[in-house]
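FYI, it's all coordinate maths here, none of it is from the lab. Nothing here was measured: the structure is a model prediction, and the numbers come from that model. All Cβ positions, even for glycine, are placed from backbone atoms using ideal geometry, and neighbour counts span all protein chains on display.
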């Protein structure tokens, strides 16, 4: 029995604050004066708030829903001063980010199988290396499965991470059937009593239906070997892509059964609000956030900490 992703560590606040610093600048510069207190909550104030939220890429739908709720509370005299808006904004954004049903319980699986999916360039392979590092530090045995057989470089990159983590990797020659690699990986993990298998899939454009079909075949292969596999399908999203990331997430969710998100390169964008938009639209939880380039720079996501990091 394995606990799926543990609680955030004490240093999460500092690490998230650093990673969302550019987005925080976009929000706090206009919000600092706007929500300082003493101003009447009127349409002019709400319009300025709308501009700030949209500039952080919260998305039109999410922004309008948040503003509609704030407007209603103001009309009902539940909030009467601009200084109260920040606290209410925090509550609403935290509620959106916390809404998806968490799967942080226990999974009875041997081994636990995690598929990692996403388009090229999102930091997928690096995320796998960082995740393996986290699991290894929790005293779990990990096996990597190199199911991205289209690019020899992808296998080589994964092999580097396997060596850095001191763990084994299952691979085949370039051009091999990815489902066959998954089959070998599941069999090896069961034979060796491995706790967790992380499957690296080919970076694929979400518009390529044939590649999506291949991914579905890999999932079926895993399920035949290990009951309920894959138990987690993590979609790695580059936060700098903004709203385009939402389109990717929709397609992957439909075809790959995504269960959670990993946001990378959050420190490289001023549009970190996309995290809220994606969770709101797809009701998918964010599992991890990449906070840098080092092997330890992958932290469990916590909604309240993320929102406080953005707005404080």
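Computed quantities for the displayed model
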item: Helix 60-75 axis, angle to the chain major axis (alpha carbon atoms, nearest 10°); result: 40 degrees
item: Label-point gap, in nm, between residue 120 and residue 187 - each point 7 angstrom along Cα→Cβ; result: 3.1 nm
item: Listed residues 243, 172, 294, most fluctuating in the chain (Gaussian network, C-alpha, under 10 Å); result: 294
item: Nearest-ten-degree value, helix 124-137 long axis tilted from longest Cα axis of the chain; result: 80 degrees
item: The chain: antiparallel DSSP beta bridges as a percent of all, rounded to 5; result: 15 percent
item: Three-way shape call for segment 98-243 based on the alpha-carbon gyration tensor, with the a/c threshold at 1.5; result: rounded
item: The chain: most fluctuating residue of 60, 181, 113 per GNM, C-alpha cutoff 10 Å; result: 60
item: Mean Cα-pair separation over length for segment 23-64, i.e. relative contact order, pairs under 8 Å, 6 or more apart, %; result: 46 percent
item: Cα centroid separation - segment 228-266 against segment 20-54, whole Å; result: 29 Å
item: Length-normalised contact order of segment 147-287 in % [C-alpha pairs under 8 Å, at least 6 apart]; result: 19 percent
item: Top of 79, 114, 278 by mean-square fluctuation, Gaussian network on the chain, Cα under 10 Å; result: 79
item: Bridge type composition, segment 190-312 - antiparallel percent by DSSP, nearest 5; result: 25 percent
item: Extended-chain gain in nm, criterion 0.36 nm per residue less alpha-carbon gap, residue 60 and residue 14; result: 13.6 nm
item: Label-point separation in nm, residue 22 to residue 47, each point 7 Å along Cα→Cβ; result: 3.0 nm
item: Burial ordering of 140, 192, 171, fewest other beta-carbon atoms within 10 Å first; result: 192, 140, 171
item: Sites residue 223 and residue 168, calculated FRET efficiency, Cβ-Cβ separation with R0 25 Å, nearest 0.05; result: 0.65
item: Efficiency of FRET between residue 68 and residue 250 - r from beta-carbon atoms, R0 25 angstrom, step 0.05; result: 0.60
item: Between helix 21-34 and the chain: long-axis angle, C-alpha atoms, 0 to 90°, nearest 10; result: 10 degrees
